[in-house]
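Working notes, beginning with the structure itself.
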2 protein chains.
Amino acid sequence: MLKLTKKADYGLMALKYLAERPETVALSAKDIADAYGIPAQLLAKILQQLTRAGLLRSHAGMNGGYALSREAREISAYEVIHAIDGPFFITSCTKGAKGCELTPSCTIKEPLARVNDTIAGVLKSISIQDLAEHEHPHGRGHEVKALVSLTL
Amino acid sequence: MLKLTKKADYGLMALKYLAERPETVALSAKDIADAYGIPAQLLAKILQQLTRAGLLRSHAGMNGGYALSREAREISAYEVIHAIDGPFFITSCTKGAKGCELTPSCTIKEPLARVNDTIAGVLKSISIQDLAEHEHPHGRGHEVKALVSLTL
DNA sequence: TAGTATACGACCAATTATGTCGGCGTTTCA
DNA sequence: TGAAACGCCGACATAATTGGTCGTATACTA
Ligand code: FES
Ligand code: FES
């Protein structure tokens with residue numbers, strides 16, 4: 001519940017890995033998978049999704065692989081999660097399109113939609129760069145602040 | 001992903017329903033389930049969990065049922081979700097206790113733990129009362145503001 | 001003591017998440 | 001020019017989680 005899927009986790013890990021190595025031209029799915037000990041084929045599929053979403057650039061052939069398509073600073077955690085797991089709604093019903101069967105009775109989704117937006121906002125304010133930077137063990141380095149206001 | 005379970009949803013709906021009827025002494029699981037068209041037995045189990053967690057008071061026998069054990073204002077959405085789905089961690093690994101197998105390789109969970117706390121904070125700042133109040137269709141009524149700061 | 005309710009655990013069913021396989025297209029380089 | 005290293009894609013198979021049901025025991029009321 002309210003938990004990132006492993007896929008999203010893997011995706012974030014991979015992007016972070018790439019962000020930490022800006023000098024390299026490209027890294028293969030296998031390289032990254034090995035670095036973290038996660039299933040290579042699964043990661044490959046995830047990276048493909050991220051490529052389709054435009055977050056990565058891919059290159060086939062020998063010495064091919066994946067590279068960030070933009071600055072790490074310009075890629076938000078939200079985009080990654082969205083690309084992998086699709087749009088997320090904290091409520092069970094999507095509320096979009098046709099809504100769920102309970103729509104008339106369930107009066108709770110409206111306020112929760114605000115919560116949903118708030119969380120999305122938090123995720124949007126975090127970039128891959130933020131994740132990568134946090135490497136320096138005792139650094140007080142860039143202290144990124146995200147301020148979110150929730151108005152019910 | 002990143003979605004409330006139906007159980008949590010049902011739980012919130014039920015508490016909201018109770019909060020909207022402060023005058024009633026108690027409502028049975030069936031009453032509430034019927035009001036929303038959700039499985040009565042399932043809701044019963046949920047209400048039992050909430051009772052164990054101390055959010056509700058229960059009373060068996062005729063005219064028995066459940067009632068809020070505190071002011072709606074004093075019950076947060078976080079407590080409800082926590083009582084039903086257990087502690088939540090946005091990261092796949094719990095990080096507590098023994099952590100997951102990936103611990104040494106996965107360097108992403110630490111920053112995400114902050115995000116986790118932020119979201120928990122948002123949820124904690126929302127009370128059942130807030131959900132119930134939001135009923136008045138065009139009211140600009142109580143505008144509850146929750147300010148959350150995220151520092152990576 | 002009949003009737004209405006909660007309490008709780010075992011169990012099954014549905015859904016979703018995770019991971020695998022096989023075949024195909026591309027690029028590099030010897 | 002062809003083998004190796006790679007990405008691309010869809011169809012599985014499996015595992016884990018959720019959602020929901022049943023049966024029975026217990027508690028309270030009238
Ligand atoms: S869960 Fe669909 S309307 Fe509330
Ligand atoms: S998922 Fe467990 S350490 Fe990252």
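Looking only at segment A:34-55, decide whether some residue is within 14 Å of chain B (Cβ to nearest Cβ) and either of a type in the set (S, T, N, Q) or touching a Pro at 6+ places or on another chain (Cβ under 7 Å) (or both). Looking for residues that are within 14 Å of chain B (Cβ to nearest Cβ) and either of a type in the set (S, T, N, Q) or touching a Pro at 6+ places or on another chain (Cβ under 7 Å) (or both), one finds at least one in segment A:34-55, hence yes. Here segment B:24-33 is the region considered, the condition is being within 19 Å of A:Thr107 (Cβ to Cβ) and either away from chain A (no Cβ under 13 Å) or in contact with a strand residue (DSSP E or B) (Cβ under 7 Å, 6 or more places away or on another chain) (or both), and the residue that is surrounded by the fewest Cβ atoms within 10 Å (Cβ to Cβ) is B:Thr24.
Only residues that are part of a helix (DSSP H, G or I) and at pLDDT 95 or above were counted in segment B:35-68, giving 13. Residues in segment A:2-23 that are within 11 Å of DNA strand C (Cβ to nearest atom) and either part of a helix (DSSP H, G or I) or surrounded by fewer than 16 Cβ atoms within 10 Å (Cβ to Cβ) (or both): A:Thr5, A:Lys6, A:Lys7, A:Ala8, A:Asp9, A:Tyr10, A:Gly11. Yes or no: segment A:88-105 includes at least one residue that is assigned to a loop (DSSP other than H, G, I, E, B), modelled with pLDDT of 75 or more, within 10 Å of chain B (Cβ to nearest Cβ) and open to solvent by 70 Å² or more (accessible area, probe 1.4 Å). Looking through segment A:88-105, at least one residue is assigned to a loop (DSSP other than H, G, I, E, B), modelled with pLDDT of 75 or more, within 10 Å of chain B (Cβ to nearest Cβ) and open to solvent by 70 Å² or more (accessible area, probe 1.4 Å).
List every residue pair whose Cβ atoms sit under 8 Å apart, with the two residues 6 or more apart in sequence or on different chains, where the first one lies in segment B:76-87 and is at the interface with chain A (Cβ under 8 Å from one of its Cβ atoms) and the second, anywhere, is among the basic types (Lys, Arg). The qualifying pairs are B:Ala77/B:Lys124; B:Asp85/B:Lys7.
Quick one: would you say B:Ala26 is over 23 Å from A:Met1 (Cβ atoms) and touching a His at 6+ places or on another chain (Cβ under 6 Å)?
Criteria met by B:Ala26.
Residues that are more than 18 Å from A:Val80 (Cα to Cα) and out of contact with any Asp or Glu (no Cβ under 6 Å at 6 or more places or on another chain) were ranked within segment A:1-26; the one that is farthest from ligand 2 (Cβ to nearest atom) is A:Val25.
The values are calculated or read from the model by the stated rules, or taken from the named source; none is laboratory data. Values in this document were obtained by computation on a predicted structure and should not be read as measured data. Counting neighbours? That spans all protein chains shown, and the Cβs are built from the backbone with ideal geometry, glycine included. Note: areas computed on protein heavy atoms with side chains; ligands, DNA, RNA excluded. Shrake-Rupley method; radii C 1.70, N 1.55, O 1.52, S 1.80 Å.
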